[in-house]
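Quick notes on the structure that follows.
The values are calculated or read from the model by the stated rules, or taken from the named source; none is laboratory data. Since we're looking at a predicted model, the values are computed, not measured. As a convention, Cβ positions derive from the backbone with ideal geometry for all residues, glycine included, and neighbour counts pool all protein chains shown.
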Amino acid sequence: MRPRAGSKALIREINEALVLDVVRAHRPVARGRIAAETGLSPATVTGITARLLSAGLITEAEAVRTTGGRPARLLDLGTDAVLAAGVRLSNTEAYVVLVNLRGEVVASHREPLASTRPQDVGESVARAVRLATASRASSTLIGVGVAVSGVVDQQGGVVRHSGTMGWENVPFQHQLTALADTPVVLDSYVNSVASGLLLFDGRLTGRSLMIFSVGASLGASVVVQGRIHRGFSGTAGGFAHSCVGTGTGRPCHCGAEDCLETWSSQWGIQRELERRGETAASLVGRDDDVITSAAYRLGTAVANAAKLFGPERVVIAFTPEMNLAALTARTEQVFRCQYGHSATPPPDLELAVTGPSDHASGAAYTVLAQLFTASTSDAGTTGAGAAVTAD
Ligand SMILES: [Zn+2]
C-alpha cells in the first residue's frame, strides 16, 4: 500500500517505525548502521533518534570506537517508557504479563474467571490488566494483546470459534476495548507464539514456516516470508478441524465428525478414554493404540500441510501436558516417514514445548509488533518496507 501523498505525519510514523525496527533487529546499533539499513539520510536518522530518545522508546548504550573516527554511541530499545500487556485466556483464568520493548516480562498476574460469558471475561481481563499495571504508573501501556484458543479473525476483532471458551462469533475486541480503555488485539494461541518467534528470533526474518500447536486443542500458524498468513476471515490454520476419519463418527465440538481434534488433541484423547470407560487424569507414561492413532494422524496431517505450503521450517509445539514421550517420538517418526519416498526435501523439523507463559507473552508481542515496520501480520499494516520521503 502506498502512503497518502503529502501526509508528513504518516511518513514520519513510517520512518520512526523503520528506525525502531533496525534497533530491534541489530541492538545495540550505531546511527550510521541505521542510516545504511534504512536508506535514510544521516540527518534524518539523527532527528528521528532524538525524538525516539526523548520518548524513551530507545536509550543510548555504551560508546564504541570506530576505526579512525569519533566514538559512536550505540542505541538500544528502552526498557521502561512503554509496556504492552499480553493476556492468555483459558476457561478458568486470565493470565496477564507485561513486557517491555525488548520482549522482557516485567510483571505478571493471574485473575480467576467467574464464568466464560464474554462480558464477565472482559471485566476480569480489564481488572487483571489494571492490577498488573498498578505499580507501573510511569510507563505507558500501548495496548493489550489477548490470546484465545481457537479460530480468531484478528482484523475483525472476533473470536470465530473457541471450544475452550464455548464461544462462537464473539466480538471480544470491541467489548474489551470499551472496558479496558486501551487498544486491544486478539489472536489465537499459536499465532501469538508465532508473533514472538518472528519478533525475537532473528533467524526467521523473511522466512516461511508452519507452527502446529498440540494441547487441549490443536492449532496451526502459517507464516509466509516472515508474515502470518490469516486467510479469509482469519480461518487460515484451521488444522484442528480437518477431517481425518473414515466414518468412525467421533463428534467434534465444532459440530462436525472425525476432525483431527477428536483424535490428536488432549480433549479428543480424553473423550476417547471416557468412551472406553477409563478415567485418566494424566496421560503421562501412556503408550497404547490411543496414542499411536493420535500420533499417526497428527504426523500425517502436519506432513500433508507442509507439503502443500513448502515451508523451510516446521515447529510442532506441545503443551507440557501433551509433551508425552510416546506421542512426540511417534509423531516425529510418522512425519519423517511421509517424506521417506519423496524427492521433496523435508523442512527442518523442531519439536518444542510451549505453555501459558509463551501464549501470554506472545499476545503482548502482537501489540509490540505494531510499533515496528516489520509487522508480523499481513492484516491492516501499512506494508512499508523502505524509507519514504515527503513529496
Ligand atoms: Zn471439529
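Here are the numbers for this structure:
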| read-out | value |
| --- | --- |
| Matching residues in region 244-264 - criterion: being of a type in the set (S, T, N, Q) and away from the ligand (no atom under 11 Å from the Cβ) | Thr246, Thr248, Ser264 |
| Residues satisfying the stated conditions in region 148-166, i.e. buried (at least 23 other Cβ atoms within 10 Å of the Cβ) and over 15 Å from Ala220 (Cα atoms) | Val159 |
| In region 254-276, the residues that are under 21 Å from Ala317 (Cβ atoms) and either assigned to a helix (DSSP H, G or I) or modelled with pLDDT under 90 (or both) | Leu260, Glu261, Thr262, Trp263, Ser264, Gln266, Trp267, Gly268, Ile269, Gln270 |
| Residue ranges of strands (runs of 3 or more DSSP E) in region 14-120 with at least 1 members more than 22 Å from Ala360 (Cα to Cα) | 58-65, 71-77 |
| Selected residue [within 16 Å of the ligand (Cβ to nearest atom), within 22 Å of Gly166 (Cα to Cα) and part of a helix (DSSP H, G or I)] from Ala301, Ala294, Ala240 | Ala240 |
| Thr279 assigned to a loop (DSSP other than H, G, I, E, B) and either more than 24 Å from the chain's Cα centre (by Cα) or surrounded by 14 or more Cβ atoms within 10 Å (Cβ to Cβ) (or both) | yes |
| Filtered residues of region 13-28 (kept if out of contact with any Phe, Trp or Tyr (no Cβ under 7 Å at 6 or more places or on another chain) and surrounded by 21 or more Cβ atoms within 10 Å (Cβ to Cβ)) | Asn15, Leu18, Val19, Val22, Val23 |
| Criterion: of a type in the set (Gly, Ala, Ser), exposed (fewer than 14 other Cβ atoms within 10 Å of the Cβ) and either in the same structural domain as Glu332 (by TED's automatic domain parsing) or under 24 Å from Glu350 (Cβ atoms) (or both) - qualifying residue of Ser293, Ser264, Ser242, Ser233 | Ser233 |
| Failed item in (1) within 16 Å of the chain's Cα centre (by Cα); (2) within 16 Å of the ligand (Cβ to nearest atom); (3) outside the structural domain of Arg297 (by TED's automatic domain parsing); (4) in contact (Cβ under 8 Å) with a residue 40 or more places away in the chain, with Val159 passing the rest | (4) |
| Selection from region 109-129 of residues that are in contact with a helix residue (DSSP H, G or I) (Cβ under 9 Å, 6 or more places away or on another chain) and surrounded by 18 or more Cβ atoms within 10 Å (Cβ to Cβ) | His109, Glu111, Leu113, Val121, Gly122, Glu123, Val125, Ala126, Val129 |
| Sole exception among (1) more than 23 Å from Lys307 (Cβ to Cβ); (2) within 16 Å of the ligand (Cβ to nearest atom); (3) among the aliphatic types (A, V, I, L, M) for Val185, by number | (2) |
| Residue that is within 28 Å of Ala220 (Cα to Cα) and either surrounded by fewer than 19 Cβ atoms within 10 Å (Cβ to Cβ) or at pLDDT 95 or above (or both), where the choices are Gly56, Gly145 | Gly145 |
